[in-house]
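For reference, the structure is listed below as structure tokens.
The values are calculated or read from the model by the stated rules, or taken from the named source; none is laboratory data. All values derive from a computational prediction rather than experimental measurement. Protein only, heavy atoms only, side chains kept; ligands, DNA and RNA dropped before computing areas. Shrake-Rupley method; radii C 1.70, N 1.55, O 1.52, S 1.80 Å.
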Amino acid sequence: MTADPITTNESGAANRPYREVTDAHGRVYRVGETDRDILGHSRKIMIYLPWIAMMAISVFEYAYGSAEDTLSSAHGWTQSNTFWILSVWVFFQAGIAFPAGWMREKGILTARRAMFIGSVLCVIGFLALSHLGNVGWRSSASA
């Protein structure tokens with residue numbers, strides 16, 4: 001590891017100097033800054049915000065699971081149809097994590113924009129599901 005000379009932070013938050021340390025792989029680490037210097041607030045906030053977001057989306061997942069019977073009877077779907085809708089949702093919810101993280105690391109997508117796009121897509125999904133008359137993959141025996 002090599003250490004560059006002490007550099008001052010440009011934000012001037014605390015006018016606290018920091019060092020940039022480079023490891024053998026070329027990664028640069030800034031030593032000497034606090035969480036408040038970098039983020040402007042405590043790290044606890046960065047734990048609580050995603051935790052609250054996960055609690056909010058899990059309410060929708062559990063609500064959908066408990067509303068499956070009502071959806072089946074209201075739209076004439078089978079339990080299998082409503083299960084597949086939930087499975088597709090969970091698959092895409094988990095599958096977007098890697099591409100979104102990659103785009104964030106490359107600077108293509110900011111975290112704020114990713115959250116906004118995700119929330120808009122969730123609303124579109126809920127609206128589409130509420131107005132969907134046929135799930136589209138019924139077998140010929142059940143039609």
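Going through the range 80-94 one residue at a time, which ones are of a type outside the set (Val, Ile, Thr) and either more than 12 Å from the chain's Cα centre (by Cα) or at pLDDT 90 or above (or both)?
Selection gives Ser80, Asn81, Phe83, Trp84, Leu86, Ser87, Trp89, Phe91.
Looking at Glu10, Glu20, can you tell me which residue is modelled with pLDDT of 80 or more and either over 28 Å from the mean Cα position of the chain (by Cα) or open to solvent by less than 90 Å² (accessible area, probe 1.4 Å) (or both)?
Checking each option against the conditions leaves just Glu20.
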